[in-house]
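What follows is a single structure, written as C-alpha cells, with notes after it.
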2 protein chains.
Amino acid sequence: MKFVNYESLNSPQKRNFPPREAIQLSEAIEKVRPILDAIKAEGRTAVLRYAHQFDGLQSDDMYVSPAEFAEAEEMLDDSTKEALRTAYKNIHAFHRRQMPQSISVTTMQGVTCEKEYRAIESVGLYVPGGTAPLPSTMLMLGIPAKIAGCKRIIACTPAKELVHPAVLFAARLAGVTELLKIGGAQAIAFMAYGDYTFQKVSKIFGPGNQYVMAAKQLVSIDPAGCTIDMPSGPSEVMVIADRYANPVYIAADLLAQAEHGIDSQAVLVSDNMQLITAVNNQIAMQLEKLPRKALAQESIKNSYSIYVQLLEQAFEISNEYAPEHLILHVENPERYKSKIINAGSVFLGQYSPESVGDYASGTNHSLPTSGYAKSMGGVAVESFMKSVTFQQLTYEGLKGIAPTVSTLADAEGLFGHKNAVTLRMKQ
Amino acid sequence: MKFVNYESLNSPQKRNFPPREAIQLSEAIEKVRPILDAIKAEGRTAVLRYAHQFDGLQSDDMYVSPAEFAEAEEMLDDSTKEALRTAYKNIHAFHRRQMPQSISVTTMQGVTCEKEYRAIESVGLYVPGGTAPLPSTMLMLGIPAKIAGCKRIIACTPAKELVHPAVLFAARLAGVTELLKIGGAQAIAFMAYGDYTFQKVSKIFGPGNQYVMAAKQLVSIDPAGCTIDMPSGPSEVMVIADRYANPVYIAADLLAQAEHGIDSQAVLVSDNMQLITAVNNQIAMQLEKLPRKALAQESIKNSYSIYVQLLEQAFEISNEYAPEHLILHVENPERYKSKIINAGSVFLGQYSPESVGDYASGTNHSLPTSGYAKSMGGVAVESFMKSVTFQQLTYEGLKGIAPTVSTLADAEGLFGHKNAVTLRMKQ
C-alpha cells in the first residue's frame, strides 16, 4: 500500500484524496453503441446473435424453463440452499421495513395534498456471470423488487447452456418472474428497448463490467425512457482504525476488497503509526494464502495507508472520498455514526466485516461507488417505487388560494394558468 | 384536437398512445459538448465567455450581491410578495412532512442493520429565464433542499444585469445560499465541474430548454460524478372526464397546459361524446382570449381527444401514457386513486385545476415528463437526501451468521471474503 501522511497534502489534494482511477467509459461506449442500435432495429434476432457471439449461448431459446428451475433445485447442495435461505430471510427482514410512507397534509383550509408510493410495474435486474456465479446479487436485487410490489421482475444473466443452480435457486427465492440467459450490453439493450415479443422494462438495476456500465449509461439518456439504478464503478473499501484495532482483522477486510479485481481500492486511515505498520505486515502474510493472490496484490499496490494526527480527520477524508464500504475498527464505533455523511454501507466494529454485508446481514450490497455516495444511497425498496402526488380542493379551498395563484401566474406571464382559476371563481 | 376512438386502435398502438413527439437531443448534445469541455478546461473564464455571448451578461461578476437581494425586496410589489409567502407556506407544509424515516432492524440475534438518511451536502438548482421569470420554480427546488438540510444550495438563472426581483425574493425565502447569474449549458457545466474558485455540486435539479437538458444528460454520465434529478421533456396534461364534468373548466385546464409551448401536449379522455364535443367548442372560444394564443393553438393541434367506451379504459390509457399531470374531472374522483399507478401529480375534481399545483397548493411542480413517471416521481425532500446503511454485529452475531457467509463466499469463489469471517472466529 502507498503510505501518505495526510498533513503533507495541500488543500486541493485533500479535496480529492485518495485519488481514484478515473473510469474511462468512452471506448466502451463506442463499442456498445452499434450493439444497442442493432437491438433497437432488430430486437430478439440481434440479441441472440450477440449472445451466441459473446457469451457462447448454445440455444436460440433465451428463457430459463420451469424444468431448469426444478432441476437446479435438485442439483444444488443442501448447505448452499440453507445459506441462501438464511441470507434471504435477513435481507427480507431488513428490506420489508423500508416501505416508504404515504402522507396527507391539509396545507390550507380546503386544500389537501397527498403523496403515495407505487411500485414500478416492470423492472430489469442484471446479474453478471463472469468468473463466478453471483446468487447474492440475485437476492439483493430481487428481494426489494418483490417487496416493492413490482409485477414484472425480469432478470438477465449470461450463460452458455445452463445458469448456475445457485443463481436459479436465488432467482426463485427472490420472486423473479422471467429469467433470460443473456448478458452484456445486449441484455441491457433488450430490457431497455424490448421488441414485439418482449415488453421493455421501466428501470434497470445491477452491476456489470465496463460494457454493461456503458450500455446502462447510454440507455439512461435514450428517448426510449428507461432509467437505471446508478452508475457503477470498481468496488472500494475504507477502513478507519484506532489503536484498539486488530491488524489481523483489518488486513483480512482490506484483502477481501482487493480480491474483487485489480481496479478495486482498499484504503486504511489511522491515527496510529504502529497499527498501520502492523496491518501492512499482516497483508503481506495473508496475501500468500489467497487463491486470488495475483489480483489482490495488484489492487493492494494501488491502495493507500493514510496517517492522520486526529481521528476526526479520518472522517473528513471519508466524507470527501465517499466510500462504497466503510469499516470502523475503533473503540465504541457507534458514537461516530453521526459524523458519517457520505458512504454506501458502514460496518461498525471488529465483528462486522464487510463480507457479512455482501451476503447476509440484511443490508443491500448494490452500493454507490466512485464517490456517488455523495448524492445517492444503495439499492433499497424505494428504488423500485416512485411517488405520485395528489391534491384535492373544495370550492372554498380554491377560493382561498385563488388570489395567490392568480398573482403568481401574472408574474410569470401565464394567463391561461390564471384563467383556469378565475373562470371557476366566476361560476 | 385530433379525435380518436380508442376501440379503433390495435394493441401495439394502444401500448404507445397517445404518441409523443420523440425528444431529439442528439443535435443539442453535439452543440453543448464543446461548451462542457471548455468549462472543464478553463472553468470560470469559459463560463463568463458563454454567459456574455449567449445571455448578454453585462458584468464579469456572476454572483448576486446582498445589495441586489435587498433592492429586490424593496422593488417587489406587496401582492407578489404576499403570494410568494403563501406559496412558500403551503409548499413548506407539504414538504416538511416528507422527511424519510430511519429504521433499525435486528435481522438475527446479534446482527443489527440500520438505514439512515443524510442530506446531500452540496446541490445546484437551475431556474430558467427565457420569456418570463420563474419564482415558482425557485421555491419548488429551494424549499425541499432546505428542509432536507443541504448545506450549500447553489442556484443559477440567466440574467443580463439584474435577476428579476420576484426570483430573488423567492431565492431568499427558500434559503438559497448562493445565486449565480448564469444560464444554459454553461450553468449546468459549471455546477457539475466547478473550478478552483467554485466547488462543484453533487446533484443538479431543475428544468430548462433543450440545451440545458442536453447538458444535464451529459454531466449525468460524466466521470465528474454529478447526478441529476430527472431527464425533462415538454410539459403535458391528461384529463379524464365523465358526463358530470364541466367543459368550461376542462377547456381552461387544457389551454393552461397548451400555453407552455408548441411542444406541450394536452389530452382529453372521456366516455362521453357530448362532453368531448363541448370541450372542443369551449377550447375554440377560450383560445381567442389568450395572449399566448399562437403558441396554444399550435399545441392544441398536436393534442388529442380520445373516446373510450368504459371509464376504466381511461385509466389504462393514463397508466400507459404516464402523464406529468393528470386531472380527474369525474364524480367522486377519490375512488379512482388506487387505479392511478403512473402519473406525476394528480388533480382530483373540478375545483383542483393544475395551476394550483404549479404554484401554491403545496405539491411540487418539478415532475417527470415523457413517460418517466413510470419509474420516477417528482422532486421531493428525499430527492435531496440519500440513505446510508449501517450494520453492527456482536461476537455471537458473527458466529451465528458465519456459516452462511462462508458457504456463499465459497459458492462465489471469494476466499478472501470467507477468510475475513473465519479468521475472526478462530481468535
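For the stretch B:334-343, a residue qualifies if it is at the interface with chain A (Cβ under 7 Å from one of its Cβ atoms) and either buried (at least 19 other Cβ atoms within 10 Å of the Cβ) or in contact with a His (Cβ under 7 Å, 6 or more places away or on another chain) (or both), and the qualifying residues are B:ILE340, B:ILE341, B:ALA343. Listed by first and then second residue, the pairs with beta-carbon distance under 6 Å, at least 6 apart or on different chains, first residue in the stretch A:255-268 and within 11 Å of chain B (Cβ to nearest Cβ), second assigned to a strand (DSSP E or B), are A:GLN257/A:VAL237; A:GLN257/A:ALA266; A:ALA258/A:ALA266; A:ALA266/A:VAL237.
Could you say whether any residue in the stretch B:144-160 is touching a residue at least 24 places away in the same chain (Cβ under 8 Å), farther than 29 Å from B:ARG97 by Cβ and within 20 Å of the chain's Cα centre (by Cα)? The answer is yes; a qualifying residue exists. Of everything in the stretch A:49-86 that is of a type in the set (Ser, Thr, Tyr) and within 14 Å of chain B (Cβ to nearest Cβ), the residue that is nearest to B:HIS95 (Cα to Cα) is A:THR86. Among the residues of the stretch B:370-398, those identified as without any contact (Cβ under 8 Å) to a residue 60 or more places away in the chain and assigned to a helix (DSSP H, G or I) are B:ALA373, B:LYS374. Scanning the stretch B:241-295 for residues that are closer than 25 Å to B:TYR336 by Cα and hydroxyl-bearing (Ser, Thr, Tyr) gives B:TYR244, B:TYR249, B:SER270, B:THR277. Flag: B:LEU311 does not match the condition of being surrounded by fewer than 24 Cβ atoms within 10 Å (Cβ to Cβ) and free of Cβ contacts under 8 Å to residues at least 40 places away in the same chain. Here A:THR157 does not qualify as open to solvent by 10 Å² or more (accessible area, probe 1.4 Å) and among the β-branched types (Val, Ile, Thr). The condition of being touching a helix residue (DSSP H, G or I) at 6+ places or on another chain (Cβ under 7 Å), at the interface with another protein chain (Cβ under 10 Å from one of its Cβ atoms) and of a type in the set (Asp, Glu) holds for only one of A:ASP358, A:ASP271, that being A:ASP358.
A quick yes/no check of all residues on (1) free of Cβ contacts under 8 Å to residues at least 12 places away in the same chain; (2) among the polar types (S, T, N, Q):
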| residue | (1), (2) |
| --- | --- |
| B:SER59 | no, yes |
| B:MET62 | no, no |
| B:ALA67 | yes, no |
| B:GLU73 | no, no |
| B:ASP77 | yes, no |
| B:ALA87 | no, no |
| B:GLY110 | no, no |
| B:GLU121 | no, no |
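The condition of being under 17 Å from the mean Cα position of the chain (by Cα), modelled with pLDDT of 95 or more and within 12 Å of another protein chain (Cβ to nearest Cβ) holds for only one of A:THR137, A:THR112, that being A:THR137.
When A:PHE3 is tested against (1) open to solvent by 90 Å² or more (accessible area, probe 1.4 Å); (2) out of contact with any strand residue (DSSP E or B) (no Cβ under 6 Å at 6 or more places or on another chain); (3) not in a helix (DSSP H, G or I), exactly one condition is not met: (2).
Return the only residue of A:VAL388, A:VAL381, A:VAL405, A:VAL421 being at the interface with chain B (Cβ under 7 Å from one of its Cβ atoms) and within 19 Å of B:PRO100 (Cα to Cα). Within the list A:VAL388, A:VAL381, A:VAL405, A:VAL421, the selection yields A:VAL388.
A single member of B:GLN217, B:GLN282, B:GLN265, B:GLN297 is under 29 Å from B:GLU27 (Cβ atoms), open to solvent by 10 Å² or more (accessible area, probe 1.4 Å) and out of contact with any Ser or Thr (no Cβ under 9 Å at 6 or more places or on another chain), and it is B:GLN297. Checking each residue in the stretch B:104-123 for being open to solvent by 30 Å² or more (accessible area, probe 1.4 Å) and among the small types (Gly, Ala, Ser) picks out only B:SER104.
The residues listed here are A:ALA256, A:ALA294, A:ALA278; of these, the one that is part of a helix (DSSP H, G or I) and either at pLDDT 95 or above or among the polar types (S, T, N, Q) (or both) is A:ALA278. Of the residues A:TYR395, A:TYR372, the single one that is under 25 Å from the mean Cα position of the chain (by Cα), of a type in the set (Phe, Trp, Tyr) and at the interface with chain B (Cβ under 7 Å from one of its Cβ atoms) is A:TYR372.
Answer yes or no as to whether B:HIS329 is within 27 Å of B:GLN24 (Cβ to Cβ), open to solvent by less than 20 Å² (accessible area, probe 1.4 Å) and in the same structural domain as B:SER11 (by TED's automatic domain parsing). Judged against the criteria, B:HIS329 is not a match.
The rows are residues; the columns are (1) open to solvent by less than 70 Å² (accessible area, probe 1.4 Å); (2) not hydrophobic (A, V, I, L, M, F, W, C).
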site: A:ASP37; (1), (2): no, yes
site: A:LEU57; (1), (2): yes, no
site: A:GLU73; (1), (2): yes, yes
site: A:THR80; (1), (2): yes, yes
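Among the residues making up the stretch B:331-359, those that are in a helix (DSSP H, G or I) and not small (Gly, Ala, Ser) are B:PRO333, B:GLU334, B:ARG335, B:TYR336, B:LYS337, B:LYS339, B:GLU354, B:VAL356, B:ASP358, B:TYR359.
One residue stands out in the stretch A:87-103 among those that are open to solvent by less than 60 Å² (accessible area, probe 1.4 Å) and not in a helix (DSSP H, G or I): the one that is nearest to the other protein chains (Cβ to nearest Cβ), namely A:ILE103. Report whether or not A:ALA241 is in contact with a Leu (Cβ under 8 Å, 6 or more places away or on another chain), open to solvent by less than 10 Å² (accessible area, probe 1.4 Å) and over 16 Å from A:SER352 (Cβ atoms). So A:ALA241 fails the test.
The values are calculated or read from the model by the stated rules, or taken from the named source; none is laboratory data. Note that this is a predicted model, so its numbers are computed, not measured. Neighbour counts run over all protein chains shown; Cβ positions are idealised from the backbone, glycine included. The accessibility values were calculated without ligands, DNA or RNA, using every heavy atom of the protein model including side chains. Shrake-Rupley method; radii C 1.70, N 1.55, O 1.52, S 1.80 Å.
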